[in-house]
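What follows is one structure encoded as C-alpha cells, with my remarks underneath.
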Amino acid sequence: MRFRGILLVCALGLPVTADEGMWLFNQFPKDQVKQKYSFEVSDAFLEKLRLGSMRIGAGSGSFVSPNGMVFTSHRIASGCIAKDGFYAATTQEEPKCAGLEATVLLAMEDVTRQVKDAAKEGAKAAEALQKRTAAIAQIEKICAGKTGNQCAVVKLSSGERYDLYQYKKYSDLRLVFAPESAIASFGGDAGNFTYPRYALDIAFLRAWENGKPADTPHYLKWSAEGVKDTDLIFVAGSPGSTSRLATGAQLAFYRDTALPLNLGRVQARIEILRAFAAKSAENQRLAQPMLSTFGNAYKSEAGKLIGLKDDRLMARKLNFERRLRNSVERDPKLGTAAGKVWDEVAAAYKTWAPFEKPYEVLERPAALGSSLFAMARQIVRQEGPLASGAIDESLEIAMLAQYLEEVKALGEKEAPVKAVLGSRTPQQAAEEFVHSSKLQDPAARRRPAEDDGMIRLARLLEDPARKLRKKHEETIESLEASSAERIAQYRFKVFGANDYPDATSTPRVAFGAVKAYRDKTEAPVPFATTFGGLYHLAGNREPYQLPSRWVEGKARLDLVMPFNFASTCDITDGSSGSPAVNTQGEIVGMVFDGNIENLAATYAYSDDQARAVHVASQGIVEVLRKLYQTPGLLHELGL
C-alpha cells in the first residue's frame, strides 16, 4: 500500500514549485532545498530558527541577543514609537509597549490519533465534532498544567492532522530603538506593495521577565556580511492566511467578477475623496485617512487581479488541479464521486455570479466609506459596539451619495430604489438622510431614535440584503468551506509530508533566493536598492522627505550599500517582521512587505515576478553606526 502511494506521488509530481511553501517546522522539504541549492538543512538549523523567531502583535519577529533583544517591524511596534524615533541607551530608559505580546514556539507534537480516536467511526458529524473539540480542550489543559506553557492544538489539512504546539509568552516588551516614521515608511501609501523600496521599517524591543531583561540563549546572530545576489535565505514567521485550496473556478470568479466590481467601487470613492480634499487644507486633513485606506485596498485588490490575469499562474494552477483530480478519481478509496467536488464548486460560482453585484452593494461590504450607514446597520441588526469617533457631515454626504448612486443603478428589481430615493437624486437623498440623523452625536448613539434618518435607510435595505446574505450562505459559503476541507484532505492523502497546509497565523518557515527580476515591461529590477537610490528619490515633500539627520548625514554613508532587497521567499500578511537568515542561521534582513505581484500569493505562488521585500542587515548596521550612533545596541548585536 505504501509503494502504491509513492507511485501516485511520483505520477502526480510534487504539489509545489520552485521556492513555494510556508512550511511547518516539523515538515520541512529538506530534500527539495538540497536538490536545488546544494544545502543540507539540519534539524538543529530548523530548531535554532524556530526558537529564535516569534509571533509578535499582528506580525513576526526574532530574538537577536541573549538578553531578550527583539528585532521586528516598525509597524508592529508603532503603538509605542514616537514620530521622531527613539533610542534607549540603557535598559532603565526602555519604555513599556502596552498591550504588545510575543510568543515563541517551544515544541510540537503530533496528537492526531488522540483527537481522532475521541470520535468513534460512524458517529454523526455534529457528535464527532463535539467529541473532538472536547478532546482538544482536554489535551490543551493537560499540557498547560504539566508545562506551564501556552498550549494549543492546531488543526492541519482540514482535520487530517492535529499538532500540539507549546508556546512561551512574553508579555513585557519594551522599546529599545526605532527610527523616525518618515524613514520607516518612506514613500508612504504610494510605496506600499511596490519595489524598488527604500524604507527602514525596523524596531528593536526587549523582552523582560520578572523585572529584568529576559534570558534568551536561543537567539539569531547578526550577519557581519549581509546578503548578495542569488544567496539562499530562510524566513521564519507567522503568515496570516492564504486560500491556496481555491479551485480554478473560484479564481476565475474572483478574476472576472468579484475583484473588478470591488475595484470599480473603491476607485469611485478615491476620485470623490481626491476632489473633496482639493478644496481646502482642512478637507485634505479630513479625507487623508480614508484616502489611505481606500488607496491601499485598491492596490491590494489590483495586485490580486494582476496575478490572476497572469496566464502562466492560472495555467499552473489548472494543470495541477487537473492532475490532482485525476489521481483522486483513480484512488479506489476516493473514486469518481470524490472528484465531483470541483464540478460542484464550478456550478455554484456560475449560479452565483449574477448576484455578486447586488450582494456587494446591499450586503457586504455595502456602503463603503459611510460611517453613519455602518452604525445604522449595526443598530438595525443589534450588533455592536458602535464606533466612537467624530464624523464630518460633508464627507459623509459625499460617500453616501456615491452609495445611493450604486443602489439606483441596481434597479427596482434588485433594490427598493423608489422607497429609498422617491423623486430625489442620490445627492439630495444623501443630504436628507444625513441631516435627519442624530448618529453624528456620540451621545445619541447610545439611545438611537427610531425615526433617525440613517436607521430608516438601513431598515429599507435590510430585507433585500438579508435575502442575498441567505442565498450567499447557501450557495457559496457552506460549499466553499466544505470543498476546501475535502480538497485539503485529498491533498494530504496523496502527498502527506510533501505538501504544506494553508497559512493560519501559526509558525512557518520558507526558503528562497535573493533575486532580481524583470517587471511587466521587461525592465530589469535589481535584487537590492541602495542609499544612493534613496537620496536620488528623496524630495522636500512628504512622503519623500527625509529626517534631518539623514539629510545632514548623507556624506557619512556608503551610498552603494544595500538598503532593501528582494527574494523569492513565500510570504503573505503576518510575515512582516520575519527574520531572514543565511545558511549559517545569521540575520541578513527582515521582511516588511511584498511587491504588488506578490499579492496574488494569497491564491497561488509564483516566483516569476512576485517578491518578498526585506530591509538588509548591512544597511541597518550602516545607519545605526553612522547616523544614529547606537554603540550599546551595536555591541549587543555582536558588532
If I model a spin label as a point 7 Å beyond the Cα along the Cα-Cβ vector, how far apart are those points for Arg549 and Asp392 in nm? 3.3 nm
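Sort out the exposed loop GluC sites (Glu not before Pro) in the chain (DSSP loop, at most 14 other Cβ within 10 Å) and tell me the longest stretch that has none. Mind showing how you got there, number by number?
On the way: sites that count: Glu40, Glu121, Glu225, Glu383, Glu412, Glu450, Glu522.
Free of exposed loop sites, the longest segment is 226-382.
Expected output is a single nm value to one decimal: the length gained when fully extending between Ala346 and Arg446, i.e. 0.36 nm times separation in residues minus the C-alpha distance. What is it? Before the final figure, lay out the partial values.
On the way: separation 100, 0.36 × 100 = 36.00 nm, distance 4.56 nm.
Length difference between fully extended and current span is 31.4 nm.
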In terms of Cα to Cα distance under 24 Å, which lysines are near enough to Lys34, apart from those fewer than 8 places away along the same chain? Lys48, Lys221, Lys228, Lys515
Under a 1.4 Å probe, counting only protein heavy atoms, Ser78 has an accessible area in Å², nearest 10, of 60 Å²
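How big is the convex hull of the Cα atoms of the chain, per residue, in Å³?
Values: hull volume 116.8 nm³, N = 639.
Given the Cα convex hull of the chain, per-residue volume reads 183 Å³.
In units of 2.2 N^0.38 Å, what is the alpha-carbon radius of gyration of region 199-309? Kindly include the intermediate steps, with their values, before the conclusion.
Numbers: Rg = 22.0 Å, N = 111, 2.2 N^0.38 = 13.2 Å.
The value comes to 1.67.
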Hey, if you drop one equal point scatterer on each alpha-carbon of region 220-273 and run the Debye formula without solvent, what base-10 log of I(q)/I(0) do you get at q = 0.14, 0.31 Å⁻¹? -0.74, -1.14
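Run lengths n ≥ 4 of DSSP H only: what is the helix-derived mean residue ellipticity at 222 nm for the chain, with -39500 (n - 2.57) per run over all residues, to the nearest 500? Mind dumping the intermediate values first?
Values: 25 runs with 277 residues, N = 639.
Mean residue ellipticity at 222 nm (helix-derived): -13000 deg cm²/dmol.
Which of the trypsin sites (Lys or Arg not before Pro) across region 282-381 are loop residues per DSSP, with 12 or fewer other Cβ within 10 Å? The partial results should precede the final answer.
Details: sites: Arg285, Lys299, Lys304, Lys309, Arg312, Arg316, Lys317, Arg322, Arg323, Arg325, Arg330, Lys333, Lys340, Lys350, Arg377, Arg381; in loops: Lys309, Lys333, Lys340, Arg381.
Answer in residue order: Lys333, Arg381.
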Simple SL model, points at 7 angstrom along Cα→Cβ for Leu559 and Glu462; separation in nm is 6.5 nm
For the pair Arg518 and Thr91, how long in nm is the line joining their label points, each one 7 Å along Cα→Cβ? 5.5 nm
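Would you kindly state how much longer the chain becomes between Arg322 and Ser292 on full extension, computed as 0.36 nm times their sequence separation minus their alpha carbon distance, in nm to one decimal?
Numbers: separation 30, 0.36 × 30 = 10.80 nm, distance 4.06 nm.
Extra length from Arg322 to Ser292 when fully extended: 6.7 nm.
Using 1/(1 + (r/R0)^6) with R0 = 35 angstrom and r between the beta carbons of Lys155 and Glu383, what's the FRET efficiency to the nearest 0.05?
Taking R0 as 35 Å, the efficiency between Lys155 and Glu383 is 0.80.
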Stretch Ser482-Ala144 to full length: gain in nm at 0.36 nm per residue minus the Cα-Cα span? 118.5 nm
Based on the alpha carbon coordinates of region 40-111, what radius of gyration and maximum Cα-Cα distance (Dmax) apply, in Å? 14.9, 49
To the nearest 0.05, how large is the calculated FRET efficiency for Ala44 and Lys221 if R₀ is 25 Å and r is the Cβ-Cβ distance? 0.95
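May I ask for the Rg/Rh ratio of region 180-262, computed from Cα atoms with Rh as the Kirkwood radius, given to two decimals?
Working: Rg = 20.2 Å, Rh = 18.3 Å.
Reported Rg/Rh (Cα atoms, Kirkwood Rh): 1.10.
The values are calculated or read from the model by the stated rules, or taken from the named source; none is laboratory data. These figures come from a predicted structure and were not determined experimentally. We place every Cβ from the backbone using ideal geometry, glycine too, and count neighbours over all the protein chains shown. Heavy atoms of the whole protein, side chains included, go into the accessibility calculation; ligands, DNA and RNA do not. Shrake-Rupley method; radii C 1.70, N 1.55, O 1.52, S 1.80 Å.
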